[in-house]
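Nothing in this text is a laboratory measurement; each read-out follows from the coordinates by a stated rule. Small disclaimer: the values here were computed from a predicted structure and weren't measured. Because the Cβ atoms are built from the backbone with ideal geometry, glycine has one as well, and the counts that use them run over all protein chains shown.
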Amino acid sequence: MFTSLLVANRGEIALRVLRAARAAGLRTVAVYSDADIGAPHLRAADTAVRLGPAPAEDSYLSIPALLDAARRTGAEAVHPGYGFLSESAAFARAVEDSGLVWVGPPSGVVARMGRKDEARHLAVEAGVPVLPAVEGDDDAALVAATADLGLPVLVKAAAGGGGKGMRIVRDAAALPDALAAARREAKAAFGDDTLLVERYVERGRHVEVQVLADAHGTVLHLGERDCSVQRRHQKVVEEAPAPTISDAVRERVTSGAVRLAREVGYVGAGTVEFLVAGEEAYFLEMNTRLQVEHPVTELITGLDLVALQLSVAQGVPLPLAQGDVVARGHAIEARVYAEDPASGFLPQAGTATTVRWPTRARVDAALESGQEVTTWYDPLLGKIITHGPTREVARRAMVAALDDTDILGLTTNTGFLRRLVASDEFRDAAIDTAWLDRTPGAFPVPADDASLCAAAWALADRSRKVEPAHPFGACDGWRLGGPPAPVLLEIEHDGVRDEVRVDRAAGRMSVGDRSWSVRALAAPLVASWLLEVDGVTHRVVIDAGGDMGAGAVWVAHEGQARRFTVPDRRTDERAILSDGLVTAPMPGLVRDVRVRTGQHVEAGDVLGVLEAMKMETALTAPHTGAVEVRVRSGDQVTLGQMLFTVGEEP
């Protein structure tokens, strides 16, 4: 038995575990890096310990620092959450060797099942079908062995998940580079660069089974989840139960998961993942930890998985049998990320000036207004989970919840999620694991008159909201002899520029031949206000983000946040940037520089690699020419920073 718990994680999962631990009457200990000073999970714990600098290897991935934090605070148990060291057998073993309780399966089980390669062998022994694959540490040997698999193949990090260290390869010539990039990404994310290459199944569905076992021989499954909505192998939307599988497939995967967990002597909560193609189901891996998407299982079963984890770790037998596990209704989870769907889902960073989570749904999040989001860690900001008696009710509830979600000052995927969940494809459960990657432009940002009207209305009166206000900064059309004159604004948004005529006195606004009657039913620049456009009211959230005086404003409407700016005609950046300029598409760390100044490059050649939030992005030459290098490997760069220039040849 233990009375105190250290949570070796951060963000929303740290808050989730801390909440369950405090409900169980445990004293709680949080940990943090320099990048997380003042983070919400620190305030939620009874005490908190600094681990070290921002880089994960110096803080959340540092086993000595975590054990020292437990020693200094008298913590008796450690919960790893997910990500970071949650599937590290070395960490589990170190916790056990220190006399602490590891809230998870024994370290020996973590070592065997936490690795994709070893887990495959055990699945075969348990009679669970697996996909053909090859494994090893030598790239040349992997390339040679892959010839027998046929293309396409999937390169995977053997030591972890979450889409890190994964690459689809459809051309044999691209395999060496894919292996090298996957090794770097796996090393950075998991501290282990061992790879596995398996046959890739097009249009498969990702179905996983939640298992739960105690130390007294009871092994249960809590049903299955469908996690097929993914981009770059990273889950976006999950649901339970799986909406498309037959009863025969459901029985096959749930019984196979229980059989595998029993075979390996599993204890605690874990997830067995399968790739389903028609009536065939193939074992993929086992995650020896709590999953990000565990809330959908909690909502349909009524069970608290974290509370059960803590109880099992205390040695208490599970209080239920398989027949007691009943799925009621349907649940859907949407992951909110700091990323830009319009730019290939590249990670984003910045300060979230306004954060409003929905009240009509379960929200597991650690983001709040005024919080800075950095590039040091995973871009997941929070999760929104809805539940209903049917899938359609849960889906509609999710659309409404995303409408009520406002995150301003920082680019997120919230609007994309809203359009995705509202789509016919999601409604019909037609999205497989590669669908989003095959159709990257499926859910573009739509034109939105209400957002444009709100931004122009606020920007036309921005002088009143800035301190100190002065007449030369006025943009409100004031005049001595009559009502305010119309204001003509040039507003840039979503990559386009509009000339907007704002007549506040007449309550009209126009862009070209389009015109609207506009009336604010609540004062702007508070958290939320109503805007009437042509007689229809819209709930709009507007935030100057501290730079209204500079002519910029964020507007959120129906889940989509947009930034509107009044460009400075004296410094039009588009006029001075050349086609040969290669800038940082996201803030991050320059992982590799592959060229030198003066070197001749061809169009498409890789100049360097940028890493942010555990994801690598290749920077390529826009055309043939001589390159000028403006950055070094190891540099931390900002969004839009100039990295390379390629001079165009005559």
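Here is how the numbers come out for the structure above:
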read-out: Cα-based helix-to-principal-axis angle, 11-23 vs the chain, degrees rounded to 10; value: 60
read-out: Euclidean distance between Cα centres, segment 138-202 to segment 254-318, Å; value: 26
read-out: Calculated FRET value between residue 68 and residue 121, using beta carbons and R₀ = 41 Å, to 0.05; value: 0.70
read-out: Modelled FRET efficiency - R0 30 Å, residue 425 with residue 641, Cβ distances, 0.05 increments; value: 0.20
read-out: Cα-projected label distance for residue 3 with residue 596, points at 7 Å along beta-carbon direction, nm; value: 6.5
read-out: Length released on extending from residue 280 to residue 143, taking residue separation times 0.36 nm less the Cα-Cα span; value: 46.6 nm
read-out: Given charges at Cβ of Lys, Arg, Asp, Glu: segment 332-393 dipole, positive-most of 351, 393, 376; value: 393
read-out: Between segment 607-637 and segment 73-99, the Cα center-to-center distance that results, in Å; value: 36
read-out: Contour excess over end-to-end distance, with Cα ends at residue 255 and residue 351 and 0.36 nm allotted per residue; value: 29.9 nm
read-out: Sequence of 273, 76, 425, 238 once ranked by neighbouring C-beta atoms within 10 Å, starting from the fewest; value: 425, 76, 273, 238
read-out: Nitroxide proxy distance, nm - points 7 Å out along Cα→Cβ at residue 537 and residue 232; value: 4.2
read-out: Charge dipole (debye, nearest 20) of segment 128-188; +1 at Cβ of Lys and Arg, -1 at Cβ of Asp and Glu; value: 300
read-out: Debye, to nearest 20: dipole size of the chain, +1 on Lys, Arg Cβ, -1 on Asp, Glu Cβ; value: 1380
read-out: Calculated FRET efficiency for the pair residue 393/residue 46, C-beta based, R₀ 35 Å, to 0.05; value: 0.35
read-out: Anisotropy class of segment 477-541 from Cα gyration tensor, a/c 1.5 cut; value: oblate
read-out: Furthest towards positive pole of dipole, 100, 5, 88, structure part segment 1-141, Cβ charges; value: 5
read-out: Simple spin-label estimate for residue 496 and residue 478 in nanometres, 7 Å along Cα-Cβ; value: 3.4
read-out: Given charges at beta-carbon only (K, R positive; D, E negative), |dipole| of segment 1-48 in Debye; value: 200
read-out: Amide H within-cut-off set for residue 346, under 5 Å, with H built and near neighbours excluded; value: 340
read-out: For peptides 204-210, 373-379, 315-321, sequence by mean Cβ density within 10 Å, most packed first; value: 204-210, 373-379, 315-321
read-out: Structure-based [θ]222 nm, the chain - -39500 (n - 2.57) summed over DSSP H runs of at least 4, per residue, nearest 500; value: -7000 deg cm²/dmol
